[in-house]
Amino acid sequence: MPPLKDTKAEEYALHIQEIVSQLKKTSKKALDENEAYRVPPEVAKEKYGGRVGETFYLFPNEAPSQEIIDAYERVKPYYGTGEDAVSFEMHLSHRQMTVMFVDGDLVIRKDRNLFIDRLTEDCLRERIQYAKENYVIDWDNAKIFIFPYKTIYFFISDSFEVTLGGGRSDLRNPDNWFTIPFTEDFDYKEIREKCREYARLHPLGGDNPNVVELKMDDILNKVAEKMAQKEAQKETEEKPSVKAADSSNTKGCMGVLAILILPLVLYLFMF
């Protein structure tokens, strides 16, 4: 978790870190101490939408003030807006420990022990066996969720898991996944065919935040427009003897700018 360049926001983040560290301890003393904050399963289900295998801890009146939230928004170390934006809750969350602010209270959810993995036949068989032995989910409603684009990912759960998508908004979008009922007796060839068919019928397209379409001509035209504006401004300020500038200078500047911009464009295409 990168540090925040605001004293109050960073102090709160460190406070959350201390709480999470305490909740992760497994000694008898720590478990007894943590039990005081544990929300009963029936209350967690009703109030926070708790599911099988999730544990909720309640810290009354410990949600951050609006001043601290606003401070985070000013200094947050991430780019993005809308679905791509990283909220203060997301920033404070740790692996398998999701932070929530509910009616002025701080709620920390210990998430289910689930994993996202790359889809291969061997990996799917291994993960199914692991899930049967280790996952705590509603097996009557268990499904295999598959992300069918390029590097194909999958996970096993009884419902869609937003937290497994991490910072990638395309993985956090349930519409980009298709499901099959959980089964040990699967046809891998059929699954791959379904991946191709789903990807064909539901292309990520230009709306995918991880697809960047840049046209060098558009960039250079904008640069040329800016340069022309600056040149015009200079001409109005300079003496007539200085105005006579060779047009080749502008072309040379354009060439240099193209060289400087090209690595940036290539970098954006890579991510």
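The values are calculated or read from the model by the stated rules, or taken from the named source; none is laboratory data. For clarity, every value in this text was computed on a predicted model and none was experimentally measured. Positions of Cβ are backbone-derived with ideal geometry, glycine not excepted, and every protein chain shown enters the neighbour counts.
Each row is one residue, and each column tells you yes or no for (1) in contact with a strand residue (DSSP E or B) (Cβ under 6 Å, 6 or more places away or on another chain); (2) touching a residue at least 24 places away in the same chain (Cβ under 8 Å); (3) not assigned by TED's automatic domain parsing to the domain that holds Gly165.
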{"position": "Ser21", "(1), (2), (3)": "no, no, yes"}
{"position": "Lys29", "(1), (2), (3)": "no, no, yes"}
{"position": "Tyr37", "(1), (2), (3)": "yes, no, yes"}
{"position": "Val43", "(1), (2), (3)": "no, no, yes"}
{"position": "Gly49", "(1), (2), (3)": "no, no, yes"}
{"position": "Asn61", "(1), (2), (3)": "no, yes, yes"}
{"position": "Asp84", "(1), (2), (3)": "no, yes, yes"}
{"position": "Met100", "(1), (2), (3)": "yes, yes, yes"}
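For the stretch 1-48, the set of residues classified as loosely packed, with under 11 Cβ neighbours inside 10 Å and under 22 Å from the mean Cα position of the chain (by Cα) consists of Pro2 only. Out of the residues in the stretch 165-178 that are surrounded by fewer than 17 Cβ atoms within 10 Å (Cβ to Cβ) and touching a residue at least 24 places away in the same chain (Cβ under 8 Å), which is farthest from the chain's Cα centre (by Cα)? Per the criteria, the residue is Asp175.
Here Gly53 meets each of (1) on the phi > 0 side of the Ramachandran plot; (2) free of Cβ contacts under 8 Å to residues at least 60 places away in the same chain; (3) of a type in the set (Gly, Ala, Ser) with one exception, condition (2). A single member of Arg125, Arg109 is in a helix (DSSP H, G or I) and at pLDDT 95 or above, and it is Arg125.
Of Asp111, Asp158, Asp138, which residue is touching a residue at least 40 places away in the same chain (Cβ under 8 Å), crowded, with 17+ Cβ neighbours inside 10 Å and in contact with an Asp or Glu (Cβ under 6 Å, 6 or more places away or on another chain)?
Matching residue, one of Asp111, Asp158, Asp138: Asp158.
Of all the residues in the stretch 70-94, those that are over 24 Å from Lys47 (Cβ atoms) and not in a helix (DSSP H, G or I) number 8.
Here is the figure for the stretch 148-174: residues that are farther than 23 Å from Tyr79 by Cβ and not polar (S, T, N, Q) total 10.
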